[in-house]
Amino acid sequence: MPKIQAATVAEHRASQRAALLDAARTLLSKHPEQIPGLAEVAQHAGLARSSVYSYFKSRADMFDALVIDTFPRWSAYVEKHMDEAAAPGPKIQAYVEANLQLVARGDHALARALASAGSSETLAASSRLMHDSLEAPLRAALTDHGSSDPARMAELVQSIVYALSRMIEGGLPLRTATGLARELLSPYLDLDSG
């Protein structure tokens, strides 16, 4: 019987499950075009292949769990950066820049890989939740900034994020992308040129 590496069985199981999800995330981040199998994920996590089935019914089940685990991390990262800004203009800029940072570090490629590996229902539900959780603080910052139509303005800001994300994935350096975002948004956001 395997040795429990935590205070309780429940904590041990949660730790093992998290290790498997982290291993799958790492493998997908390194090679988003290659969907790893359960054996490869188990090996990367330092666990026996058979133990994976104690946590996930199949590879698709594991990637559905990874979708559910990954998207809230994206939202939390963006919200953390927005919360660090004191005024509405810098909060909106932080929203843009945090999203671009995630794209540059490979999280967007990971999300695309998850889209091809997980179930469309889980992905759609998680995508909706992530979009909603990201849109709420952006709309609030736009409202506080004085936008006459925060919902549509949020769509415009998001279109800038999408366009610059594609450019980053096409090879544009993050620094250049954030510089372009600042150049475009600074007049509206009343940002200092520093």
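Please treat every number below as a calculation from the coordinates, not as lab data. This one's a predicted model, so the numbers in the text were calculated from it and none came from an experiment. Please note: Cβ atoms are built from the backbone with ideal geometry, for glycine as well, and neighbour counts cover all protein chains shown.
A DSSP coil position with no more than 10 other Cβ atoms inside 10 Å describes the following GluC sites (Glu not before Pro) in segment 1-106: Glu33. Work out the FRET efficiency for Ala163 and Arg13 from their Cβ-Cβ distance, taking R0 = 41 Å, and round it to the nearest 0.05. Efficiency at R0 = 41 Å is approximately 0.45.
Just so you know, the Rg over Rh for segment 16-61 is 0.92, from Cα atoms, with Rh as the Kirkwood radius. One quarter of the surface of the convex hull around the alpha-carbon atoms of segment 1-109 equals 8.3 nm², the direction-averaged projected area.
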